[in-house]
1. Go through (1) within 19 Å of residue 19 (Cβ to Cβ); (2) in contact with a strand residue (DSSP E or B) (Cβ under 7 Å, 6 or more places away or on another chain) one by one and return the number of the condition residue 70 breaks.
2. Which members of region 2-46 meet the condition of being at pLDDT below 85, touching a helix residue (DSSP H, G or I) at 6+ places or on another chain (Cβ under 9 Å) and outside any helix (DSSP H, G or I)?
3. Find all pairs meeting these conditions: Cβ atoms under 7 angstrom apart; at least six residues apart or on different chains; first residue within region 64-85 and under 14 Å from residue 24 (Cα atoms); second residue at pLDDT 70 or above and not in a loop (DSSP other than H, G, I, E, B).
């Protein structure tokens with residue numbers, strides 16, 4: 001288990017990468033959230049909605065962890081992600 005002192009920089013790096021303006025353009029974020037909210041609004045009463053939300057969460061987490069692994073903890077560019085400045089703030 002990491003000590004509290006080593007966890008703070010790790011969380012700060014994750015947040016810097018997640019909210020970097022260079023990671024995804026603003027228009028892409030807008031369309032992404034519009035599609036997510038529209039889909040959720042249309043299907044929230046479906047019996048399989050909870051399973052789909054859980055599957056989307058697990059897929060997103062797996063993709064995040066894979067990308068983090070390939071970028072060596074956001075320290076090197078890989079697969080289109082090259083915003084090293086936000087990771088090293």
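The values are calculated or read from the model by the stated rules, or taken from the named source; none is laboratory data. No experiment lies behind these values; they were computed from the predicted model shown. In this analysis, Cβ positions are derived from the backbone assuming ideal geometry, glycine residues included, and neighbour counts consider all displayed protein chains.
1. (1)
2. 2, 19, 20, 21, 22, 23, 24
3. Between residues of region 64-85 that are under 14 Å from residue 24 (Cα atoms) and residues that are at pLDDT 70 or above and not in a loop (DSSP other than H, G, I, E, B), the close pairs are 79/70; 81/67.
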